[in-house]
Amino acid sequence: MSNFVDSAERAEENRSSAWTLTLVGGIGLIVLVLNLLNVIHLPIYGFSKYMVSGLMGALFIIFIIAGIISIKKTKTYSNAASVEKDNKAKIIEWCKENEIASKIDMAIENQFPDLPEEEVYFKRYEGLKFFVVKNFESMSLPFLEHVIDEIYDSLFEE
């Protein structure tokens, strides 16, 4: 298994974090302002009311800023996800055009004619990894391993 994290997943996680941080920060600031205007009454009195309100206000502003930063990162991850999707499609197309699955199966049959079925998977995976890494070496190895894991079943349908 690779340690690759899909950019589409990262984008979705950042999007939800951004909305949560922004929403909590905004609601918190509204509640603090309403408390300072005595529209609502929180059980904080005297000087501590202003001290707690100042600290909480700063915290909620930090939440809003973190939410805005997360929104910007979401756009970056969304663009990366689009590139990953295109690269994955290129790899699948290349494997099918060059009949990589049949080449790997023929090589396994020639080298290991009596190989048990459970070991065939590992040999196929090694062969697929060899061809993909060799021909797409400009892409990161964790990404390529992730793609290989995803496309294995579609290439070696039985």
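The values are calculated or read from the model by the stated rules, or taken from the named source; none is laboratory data. As the structure is a prediction and not an experimental result, all values here were calculated from the model. Note that each Cβ is placed from the backbone with ideal geometry, even for glycine, and that neighbours are counted across all protein chains shown. Ligands, DNA and RNA are excluded from the accessible area calculation, which covers all protein heavy atoms including side chains. Shrake-Rupley method; radii C 1.70, N 1.55, O 1.52, S 1.80 Å.
Quick one: P(r) of the range 52-118 from all Cα-Cα pairs, 10 Å bins, percents rounded to integers, in order of increasing distance.
Pairs per bin, as whole percents: 17, 19, 17, 15, 12, 11, 8, 2.
Ignoring ligands, DNA and RNA, what percent of the accessible area of the range 2-158 is carbon or sulfur (1.4 Å)?
Carbon and sulfur atoms account for 62 percent of the accessible area of the range 2-158.
Tell me, what HN-Hα J-couplings in whole Hz come from the Karplus equation 6.51 cos²θ - 1.76 cosθ + 1.60 at θ = phi - 60° for each residue of the range 101-115, using x for Gly and Pro?
For the range 101-115, the Karplus-derived couplings read 4, 5, 5, 5, 4, 5, 5, 5, 4, 6, 7, 10, x, 10, 6 Hz, x marking Gly and Pro.
Hey, what do the phi angles of the range 119-134 turn into as Karplus ³J(HN,Hα) couplings, whole Hz, using 6.51/-1.76/1.60 and θ = phi - 60°, x for Gly and Pro?
8, 4, 3, 5, 5, 4, 4, 4, x, 4, 4, 4, 5, 5, 5, 5
Specify the inter-centroid distance of the range 119-156 and the range 1-48, based on alpha-carbon positions, in whole Å.
First find each Cα centre; the distance between them is then 42 Å.
Relative contact order of the chain: what whole-number percent is it, with Cα pairs under 8 angstrom and at least 6 residues apart?
32 percent
Cα-Cα pairs above 15 Å in the range 70-158: how many percent?
Above the 15 Å cut-off, the range 70-158 has 62 percent of its Cα pairs.
For the peptides 106-118, 131-143, what is the packing order when you average, over each peptide's residues, the other Cβ atoms within 10 Å and list the highest mean first?
Result, highest mean first: 131-143, 106-118.
In the structure shown, do any of 90/129; 75/96; 85/129; 103/123; 73/134; 103/134 have a Cα-Cα gap over 22 Å, and if so which?
Violating the 22 Å limit, Cα to Cα: 75/96; 73/134.
Can you give me the convex hull volume of the Cα atoms of the chain, divided per residue and expressed in Å³?
Hull volume normalised by residue count: 153 Å³.
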